[in-house]
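A short reminder: the numbers here are calculations on the coordinates, not readings from a lab. Please read these numbers as outputs of a predicted model, since none were measured by experiment. So basically every Cβ, Gly included, is an ideal-geometry build from the backbone, and we count neighbours across all protein chains shown.
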Amino acid sequence: MSEKRDYYEVLDVGRSADAASLKAAFRKLAIKYHPDRNSEEGAEDKFKEINEAYAVLSDPDKRAAYDRFGHSASNGMGDPFSGGFRQEDFRDIFGGDVFEQLFGQFFRRSGVQHGQDIQIPLEVSLETVSEGSDYTLTYRRKAPCVTCGNSGCQPGTQAIRCGLCGGIGQVRVNRGFMSLAQSCPDCTGLGSTIPNPCKDCRGEGVATQEVSLEITIPSGIGTGQKLRLDGEGHHGARGGQAGDLFVVLTVTEHPFFRREDDNIVCEVPVSFAQMALGTRIDVPTLKGRAKVKIPAGTQSGKMLRLRGKGLPNVRGAGTGDQLVKLNMETPTRLNSEQRAYLEQFESVFGTETGVAEPRRRSFMDKLKEFFD
């Protein structure tokens, strides 16, 4: 094409289109004009044009430069296959299966394979989540073979271009009136073959190794959330880009605290006398002990709040509270003296006055009205 069209016009979107609208427009047009699905003249040029447009407009910095300077600001940034647009971008938009059908041929022409992602579960304590911490993670992954330097070839030899596909990595197969592209059966889509494979890695270019990696556990993170570490997954064969490492976190159950979002809850047993007379008690927090005042006449189940004693929000939006639930503990074994004191107490503070037990008196009044 002698003159480039406006990128917004290419994708058929307005200049105020958001990321989701751009992605939807690109996906629709890419499927429509893909050369393997559209045999019309000019379809391949159209396909390249929409990829170039999306590579620029999907990047906030490139889009800002384009909006200001037009095509003169590109400096080559619009070519999605020259490093400005990654495989992962296409995989995220189209999904794995559609990606392989539409774009596999472009990324296999280099003779390399993208490494697989790794997912590792990791248990951390509530104390770790409270403070955040560095952690040394040890795991196994495929890394470049030391013997062949990731080439897959025996030292002193090299790979040769595949004779069947000519180094493209794909061959075309006729299916009735349709012509489909598929991975070359001789080189499995790599574009080259290895006559003398490395004995240590058997021609894969990668070998399983144990690695240790320092990771940071963010404060406030929760069970089920993932940490993504780019490029720390399996390395690809023959210099292929490494996959990513995903660490899936589980916060272990605490013997004393229960988590509710950014708040933590603990239950503390207290005596009848403490709740009736009022007192101050020590309660544990994630950062040590704290004094809590129990007002006189407090009822069992009352929640007291310690502000700022909970967990930090993982997105930095403040810190939660600690809730202390007071549970009155009833004695299970009484000696004769203790029983006598309680009987005396009950006779003095009975339900007739309603002063000592307002909640019970209210219940009894309602019960009487119900049966009358």
Review point. Could you work out Rg/(2.2 N^0.38 Å) for the range 262-339, with Rg from alpha carbons only?
Key: 1.34
Practice item. Could you name the lysines whose alpha carbon sits less than 18 Å from that of residue 28, not counting residues in the same chain fewer than 8 places away? Key: 46, 48
Check your understanding: Considering only DSSP states other than H, G, I, E and B, which GluC sites (Glu not before Pro) in the range 249-294 qualify as loop sites with at most 15 other Cβ atoms within 10 Å?
Key -> 253
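Among all lysine pairs in the range 268-330 that are eight or more places apart or on different chains, how many have alpha carbons less than 15 angstrom apart? All intermediate terms of the calculation are to be shown ahead of the outcome.
On the way: 287/309; 291/309; 291/325; 293/302; 293/325; 302/325; 309/325.
Lysine pair count for the range 268-330: 7.
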Review point. Which of the lysines could a cross-linker span from residue 142 if the Cα-Cα distance has to be under 28 Å and same-chain partners fewer than 8 positions apart are dropped?
Key: 199, 226
Check your understanding: When the Karplus curve 6.51 cos²θ - 1.76 cosθ + 1.60 is applied with θ = phi - 60°, which whole-Hz ³J(HN,Hα) does each residue of the range 242-253 get, with x for Gly and Pro?
Key -> 6, x, 10, 10, 10, 9, 9, 8, 10, 8, 5, 5
**Study point:** Protection-proxy order for peptides 151-164, 183-196, each taking the mean of Cβ atoms within 10 Å per residue, highest first
**Key:** 183-196, 151-164
Point to revise | Ordering of 313-322, 49-58 by burial proxy (mean other Cβ atoms within 10 Å per residue, highest first) | key: 49-58, 313-322
Review point. How big is the range 109-231 by Rg and Dmax over its Cα atoms, in Å?
Key: 21.1, 65
Check your understanding: Which whole-number percent of Cα pairs in the range 149-287 have a distance greater than 25 Å?
Key -> 61 percent
Point to revise | Amide N proximity, the range 196-219 versus residue 147 label position 7 Å along Cα-to-Cβ, cut-off under 16 Å | key: 196-209
Revision key, fill the gap. Rounded to whole angstrom, the alpha-carbon centroid of the range 193-262 lies from that of the range 4-51 at a distance of 35 Å
